[in-house]
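To start, the structure itself, in structure tokens.
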Amino acid sequence: MADTPIGKFGRTYEQGPYGTVHGGAQGKVWNTGRKFEIEIEGQSVVAGLLEEEAPRTCEAFANMLPLEAKVLSLRWSGDGFQTHHPQLEKMAADSELLMENFTTFAGRGDIMFWVRDRGLFFCYNYMHSRGITGEEPPNLFAHVDPQYYSVLYEMGLKIYKEGEKLMRIRLLE
């Protein structure tokens, strides 16, 4: 058996089917409720709401859809992409969203809402939510269906390499 490389900070790094996996972070496969579709430049993934874990965030998000917004790469905290949009600001204010099911560590497929800055974050590999002031936990409220992990990873890399993209999210019946 080959040795697993040890990175600069003592974490293991392995090459997985969707890129490098940091410290063995695989994420949790959640039991999800209502489904929604995320489409970026002709590629789509399906995700489900974590309605038992984050009921207020899920309800506010579902009621706000559809959403069309630009997404940007997120590399400060790990491998993800993000969007901030006035519709998200209104959603948070109208629903008086607070912290629920919050975390600072995310795995592949996790989708989070950052209450403080009213942003959506999509994790395609591994993420530790932090900023210049330290850890900044978002609400983990949805998860991409594992069968779409490879597409999610391709989306994330494309945004990272090419820059801003237009994303559409719609609730599925």
Is there a quick way to get the dipole size of region 27-171? I mean about its Cα centre, with the Cβ of Lys and Arg at +1 and of Asp and Glu at -1; what is the value in debye to the nearest 20? 280 debye
Add +1 for every Lys or Arg and -1 for every Asp or Glu among the other residues with Cβ under 11 Å from the Cβ of Thr57, and state the total. -3
Given the C-alpha centroids of region 74-113 and region 140-173, what is the distance between them in whole angstrom? 14 Å
What is the Å³ per residue value for the convex hull set by the Cα atoms of region 47-134? 97 Å³
State the extension gain, in nm to one decimal, for the chain segment bounded by Ser44 and Lys161, taking 0.36 nm per residue of separation less the distance between their alpha-carbons. 40.3 nm
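Rule-based calculations on the coordinates, nothing more; no lab input. Given the structure is predicted, the values throughout are model-derived calculations rather than measurements. For neighbour counting, all protein chains shown are included, and Cβ atoms are generated from backbone atoms with ideal geometry for every residue, glycine included.
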